[in-house]
Amino acid sequence: MRWSSKLWRHLTINQMLMVSHLVLIAVVILGLSYSRYQSELKVRVEQQVSLAKGAFTPLLTLFSSAISGRNYANLMMPMTRSTIWEIEDLQFLQLSGISDYHEKVVNVRYAPPLRQVWRTDVEAQELSEREATLDNLLNLKSQTEANNHVRLNKLDYLINKAIADINALRNSIQLSKYNGIHWNPPPSAYQGYFFDDEKLALHIKLALANHNGGELWAVFDASELDTFKRTLLTDLVKEALIALFISLALIVAVTAWIVSPIKSLASSMRQDIQRIDPTKVPETQRSDEIGELARSYSAMVTQIHQQMNVLQKLSDTDPLTALGSRHKYNRVAEAFTAQALSSGQHVVVIIADIDNFKSYNDCYGHTQGDNVLCQIATIIDQVVGRSGEAFRFGGEEFVVIAKAQTPKQLEQLTTELNQAVSRTRIEHTANPSKGIVTLSAGAVIVPPSISNNIKQLLEVCLDRADKQLYQCKHNGRDHVIVEPY
Amino acid sequence: MKRMTHWAMAMFALLLSAQTVADSLASYPKDWPNWPVVKESVNLPADVVLPPDTSLFIQESVKSYSWINNGQGSPLTIRVPPNKVEQYKTHGPYTDGFTAVAVSEVEGIIWVTEHVGGEAIYGSYNRKGEDISATHPSLEPEFCAGCHTRYKDICVNGTCTEPVLKVYGD
């Protein structure tokens, strides 16, 4: 069992279907062919048996009566013989039994091809008695006067009969030694008939009607049956091969019909889930189980897409300020920059930071700090507007990427960020010399002529803008530094 | 040489018998009416219903003689010469000469059994002593011999041991 499970494990569904169906079909075809072979052969053999038995039916009473009273003459007379010789294909016949009155063995054999009939139960004493009778009759005849025609006639009849009897007995003794009979009685298990396909012989056994029991055993030439058997076998092999060929073609077609859509679905599943179009999932039009599987798969892809959108939205949005998250920046910044530069626009990368925000939290508490963060974020979002996108990178740090036709516009946008925050006049007593919340920002403006690797470009810009921001802090905060790339 | 002699004699006998076919072999015993009756039996009628276990020999006998008396059957009387009554009781062996007659009383058929050299021969006559063996196949001597000498299990020394009436004995 282990080897078979190992074998199955190494087979594809395609191969498994092919092998299993082929085996199944082969078993079915072989089973049906064997069954038909047995059935047709049996019918033909039984037909032959019926014909053979029918040939003996008119003789059974004669045979039974003869064995009952040991009437060898009836069994061996020319009329009986010629009737037996006329039975078609009969090769050998044996009549045997026990006589009904003195329980003596009776056994007579016929060899139609040799035109011979003989007893196998002749005893030497029987022959010597008949010979003695003949001698006695011959002696009586020699003593009879020549003109005693009546007596001579009687003696001649009896002498003739004795000679015929003696000849028959001698013939039987001689033929009993004949070894040309090479058939053995059929096994006792075969009570009606036995088809010996090795010796091409059909054995028939019939019970005789005498009281002590008797039996007819006949052997027929069965070469015709053998010819039928060979023809039947050839026909069945041809039919089986045709059936196998048709089945094979059907199996290949069905296997392809089942497996190719599975392969097609598997190929679809191997794609990036985001790129799969649920409306174009293959095999969804089928009405069978594979169609059901394809439709379920399509629905699942749709559901995954929806859930991914939700997740993306969640991960793209900063939960406190509703600005874009660092994750969103990583996802969109490159595409934004590439698109703007390729369309001949300038791009600015700004890093902004609320001045002394830690002190604000310490002074006003974290809840108020969060409120300020939200207010500043709203201001930044309003200032950036449609020219770009604003992101909260963490704490009080914001990143803006924006585009414009001229560097001047971007410079103004950066300065406006600083000024808009100052204009709100949010109290911040812990922001020395200002007393209100202020914003510092470092910015790098990239011209459209730059054709560097965008990812690296943005990394450089962020790094340089961060350094500018540091410089703003060093210069006393509430300050903006913008430089070209 | 002996076999050749036998063969030639058999051929001669065959030629002879061909000329005299159906003639009775046994002679007609004129004094048979004076012989003692040793057995009374019947020729069974054609419409007789035999018991299922009736022997095949009796069935063959009934079939052979059912024509007698237009199929109505007939009483049958067996008579034996006085000198052979004792031999008849033991079914032989028989000395030469007439052995028995069976008389079908209604039809008047007299079947004669005679022994020559210890062998039985048969003949069929009417009450006038005329040979009637040619009038019906079952009256031919060879037909008689076919049963009386060839059923070796039943018929010993030319007479048979199974009486027809035994069928209805019980």
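The values are calculated or read from the model by the stated rules, or taken from the named source; none is laboratory data. What you see is a predicted model; the values in this text were computed from it and never measured. Please note: Cβ atoms are built from the backbone with ideal geometry, for glycine as well, and neighbour counts cover all protein chains shown.
For (1) in a loop (DSSP other than H, G, I, E, B); (2) under 26 Å from B:SER24 (Cα atoms); (3) within 14 Å of chain B (Cβ to nearest Cβ); (4) within 60 Å of the chain's Cα centre (by Cα), each residue gets a yes or a no:
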residue	(1), (2), (3), (4)
A:VAL117	no, no, no, no
A:GLN125	no, no, yes, no
A:ALA132	no, yes, yes, no
A:ASN139	no, yes, yes, no
A:VAL150	no, yes, yes, no
A:TYR157	no, yes, yes, no
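Output the residues belonging to the stretch A:85-115 that are crowded, with 19+ Cβ neighbours inside 10 Å and part of a helix (DSSP H, G or I).
The one that is crowded, with 19+ Cβ neighbours inside 10 Å and part of a helix (DSSP H, G or I): A:PRO112.
Can you name every residue in the stretch A:13-26 that is among the β-branched types (Val, Ile, Thr) and without any contact (Cβ under 8 Å) to a residue 12 or more places away in the chain?
Residues satisfying the conditions are A:VAL19, A:VAL23.
What tally of residues in the stretch B:83-101 results from selecting those that are within 24 Å of A:VAL150 (Cα to Cα), surrounded by fewer than 19 Cβ atoms within 10 Å (Cβ to Cβ) and more than 14 Å from chain A (Cβ to nearest Cβ)?
The qualifying residues number 1.
Which condition number does A:VAL444 fail, the rest of (1) surrounded by fewer than 23 Cβ atoms within 10 Å (Cβ to Cβ); (2) over 24 Å from A:ASP370 (Cα atoms) being met?
Among (1) surrounded by fewer than 23 Cβ atoms within 10 Å (Cβ to Cβ); (2) over 24 Å from A:ASP370 (Cα atoms), A:VAL444 violates only (1).
Quickly run through the stretch B:107-155 and pick out the residues that are acidic (Asp, Glu) and either on the phi > 0 side of the Ramachandran plot or away from chain A (no Cβ under 13 Å) (or both).
B:GLU107, B:GLU130, listed by residue number.
Being at pLDDT 90 or above and either away from chain B (no Cβ under 14 Å) or not in a helix (DSSP H, G or I) (or both): is that true of A:SER50 here?
Yes: the conditions hold for A:SER50.
Just checking, how many residues over the stretch A:53-73 are surrounded by fewer than 22 Cβ atoms within 10 Å (Cβ to Cβ), at the interface with chain B (Cβ under 10 Å from one of its Cβ atoms) and either more than 16 Å from A:LEU206 (Cα to Cα) or hydrophobic (A, V, I, L, M, F, W, C) (or both)?
Summing the residues that are surrounded by fewer than 22 Cβ atoms within 10 Å (Cβ to Cβ), at the interface with chain B (Cβ under 10 Å from one of its Cβ atoms) and either more than 16 Å from A:LEU206 (Cα to Cα) or hydrophobic (A, V, I, L, M, F, W, C) (or both) in the stretch A:53-73 gives 2.
Quick check: anything in the stretch A:27-41 of a type in the set (Asp, Glu) and farther than 25 Å from A:VAL219 by Cβ?
no
Among the candidates A:ALA162, A:ALA168, which residue alone is in contact (Cβ under 8 Å) with a residue 40 or more places away in the chain and either within 14 Å of chain B (Cβ to nearest Cβ) or part of a strand (DSSP E or B) (or both)?
Within the list A:ALA162, A:ALA168, the selection yields A:ALA168.
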